[in-house]
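One structure is given here, and the rest of the page talks about it.
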Amino acid sequence: MYFVGIDLAWGERSHTGLAVLDAAGALVHLSVATNDNDIATALDRYVAGECCVGIDAPLIVPNASGNRPAEAALNRDFARFEAGAHPSNTGKPELRDPRGARLADRFHLDIDPASSSRRRALEVYPHPAQVALFRLGRTLKYKQRSNRPFESMRDEMLRLVSLLEGLADAPLPLRLGASTEWAEVVEAVRTSQRKSELRHAEDRIDAVVCAYVAMLAFLRPETTTTYGDLATGYIVTPTLPEDLEPDPVARRSQELVQLTVRTYAQLQPRAEEAARRLAAWLTGTLDDAGINYLDVVGRGKGIASFAAKANKTVDGHLLYPDPLAQVTDQIGTRIIAYVRSDVAVVADLIADQLQVLDDRDMGQVTASEGRFGYVSRHLQVALDPLWLGDLPVDTFRVTSAQIQIRTVLQHAWAEFEHDIRYKGSIPEELAPDLNRRFTLAAGLLELADREFDEIRDRLRERMPPRDVEVDPNDPRIGTQELATFLAGQFPDSGWSRTDHYTWISGLLLELGIDSLRELAGLLTSVDSAAIIERMGYKSPPGAVRRLDDALLAVFGSHYLGLHGNAHRVELLATRLGKLHDGHPPAGSTTDAS
């Protein structure tokens with residue numbers, strides 16, 4: 001009789017840990033394998049006869065989304081010990097035909113947890129097994145995490161080694177002392193210098209846990225609990241002791257998170273409204289500055305997303321001890337620009353209008369690490385009645401809102417990468433290849449962004465005249481015709497939004513200007529340099545804004561009274577005040593009526 005543990009990788013390129021115990025609980029085999037054929041070669045002699053195989057991977061997954069009932073039930077017991085199970089569903093491609101079930105079928109094993117067969121396979125899970133076996137207040141933190149220090153991981157892995165070796169004196173003993181393979185793994189952990197070395201040992205140590213759980217389930221089933229069933233999927237684990245309590249820190253952390261999430265759920269509609277107001281204010285500010293952009297969107301952070309952040313831990317301690325004050329993207333907006341140079345222009349404009357508490361260029365952070373990847377400008381701006389309006393600032397514990405600014409291409413990469421990496425499921429064996437491809441795509445898009453900047457700069461230098469199609473039934477100056485004219489008139493200005501050319505063409509018609517010849521004659525009397533100086537622009541405004549300023553300078557208060565300006569009289573009055581600082585620019589007719 002053999003008891004086999006398989007710490008199964010998602011695919012056939014990553015290491016799978018394999019462990020085999022004999023009928024007396026002695027470790028007789030310990031190794032790693034990659035593909036299914038290698039696993040079969042290593043285990044065939046042990047699964048040819050009576051055996052019970054514990055597989056750390058889903059065997060039965062009938063549900064299309066969410067948790068299986070087994071995971072939901074297990075989490076009710078073990079989540080407070082940080083040993084909950086991740087959702088298994090067929091929305092994850094690798095679980096549409098579970099690898100664990102394929103292996104069990106290959107070995108002709110019965111996967112019914114209620115079966116009395118002496119040739120069986122069971123789904124097991126090392127984390128809750130360790131909590132129950134060793135009466136842990138929380139899981140041991142030996143698994144790979146980017147924010148987990150190497151020394152801490154090694155110490156936790158050595159603690160697990162010691163606990164497993166201590167099972168030699170258990171009522172159902174686990175005998176590891178005579179195994180040279182085990183001794184080699186333990187020595188490798190003790191002398192390790194890098195996380196990758198621990199990763200190689202982790203698979204085999206987890207396989208030993210799986211094998212021991214299989215032995216318990218077969219020889220002492222009364223000491224185990226089966227969550228779920230054959231129809232909906234199941235997990236077998238040692239029974240959680242009734243008197244076992246979570247680690248006090250973990251328990252307090254969980255209670256704090258639950259209370260915080262409930263509080264945020266009540267605040268979330270107000271965060272949504274605040275984000276909507278910030279987006280509206282940013283849209284008006286960008287339009288008034290004549291800056292070209294694709295989109296401005298606002299959103300209050302979702303409750304599930306907030307809960308996920310609030311639950312983040314580092315070595316068992318909350319990353320955000322006060323999430324309501326420390327999760328800084330509760331109120332979030334995103335501005336999508338067309339080219340990289342506009343990102344800087346937008347950031348400068350915001351800094352001129354709002355109090356910026358933090359400004360991080362994530363692209364520079366990525367580049368400083370010598371790699372390609374996520375690129376975005378992140379501004380944290382103070383909560384301000386300027387955009388909050390009558391929404392009280394003290395509504396929120398957090399003191400700032402987040403504004404992300406990036407180009408269309410940067411946004412495409414970020415959204416796709418986020419959906420795949422964080423919302424989807426990447427099989428472990430595909431991770432290196434997909435990381436490389438994401439990096440390659442990021443590099444290519446950075447090159448494309450540079451070329452778009454260069455194209456716009458070239459067009460600014462010289463916009464050649466072109467024939468445009470004119471609608472004889474529309475008395476306004478055509479949008480394309482006006483855009484071409486303004487590019488030549490203001491060659492150092494950026495492009496404006498397409499709808500803004502149409503809008504200002506309507507204003508020109510209200511002023512009785514319906515031809516480029518009339519417009520050109522009007523602009524000859526305007527001192528553009530003086531206007532720019534008085535407006536105090538930190539970066540070149542868009543072409544439509546330049547024309548808007550010129551018309552304001554020429555027509556003064558009469559311009560404020562146009563029907564097309566009814567929505568911005570106050571803004572125009574402020575700008576007119578700047579133009580009158582000293583004396584009106586040449587050509588002004590501010591007393592026109």
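The values are calculated or read from the model by the stated rules, or taken from the named source; none is laboratory data. Since the model is a prediction, treat every value here as computed from it, not as a measurement. Methodologically, a virtual Cβ is constructed for each residue, glycine included, from the backbone with ideal geometry; neighbour enumeration extends over all protein chains shown. These accessible areas exclude ligands, DNA and RNA; they are computed on the full protein's heavy atoms, side chains included. Shrake-Rupley method; radii C 1.70, N 1.55, O 1.52, S 1.80 Å.
Details
- One residue from G290, G284, G302, G298 being at positive phi and in the same structural domain as S400 (by the TED database): G290
- Applying a threshold of 8 Å to beta carbon distances and a minimum spacing of six or more residues, or different chains, the list of pairs starting in region 353-371 at a residue that is aliphatic (A, V, I, L, M) and ending at one that is open to solvent by 50 Å² or more (accessible area, probe 1.4 Å) reads L354/L386; L357/T399; M362/Y374.
- Residue match in region 154-166 (condition: surrounded by 15 or more Cβ atoms within 10 Å (Cβ to Cβ) and not in a helix (DSSP H, G or I)): no
- Total residues in region 181-201 satisfying the condition of being open to solvent by 10 Å² or more (accessible area, probe 1.4 Å), part of a helix (DSSP H, G or I) and either of a type in the set (G, A, S) or out of contact with any Leu (no Cβ under 9 Å at 6 or more places or on another chain) (or both): the figure is 8.
- Region 114-135 - residue that is surrounded by fewer than 22 Cβ atoms within 10 Å (Cβ to Cβ) and touching a residue at least 60 places away in the same chain (Cβ under 8 Å) and, of those, farthest from S192 (Cα to Cα): A114
- All told, A83 meets the bar of being assigned to a loop (DSSP other than H, G, I, E, B) and in contact with a Pro (Cβ under 6 Å, 6 or more places away or on another chain).
- When S493 is tested against (1) open to solvent by less than 40 Å² (accessible area, probe 1.4 Å); (2) modelled with pLDDT under 80; (3) assigned by the TED database to the domain that holds A280; (4) over 30 Å from K301 (Cβ atoms), just one condition goes unmet, and that condition is (3).
- Only one of the listed residues (A9, A19, A48) is within 25 Å of the chain's Cα centre (by Cα), among the aliphatic types (A, V, I, L, M), farther than 20 Å from P221 by Cα and outside the structural domain of Q254 (by the TED database). That residue is A9.
- Of all residues in region 86-113, those that are surrounded by 15 or more Cβ atoms within 10 Å (Cβ to Cβ), within 33 Å of the chain's Cα centre (by Cα) and not in a helix (DSSP H, G or I) total 7.
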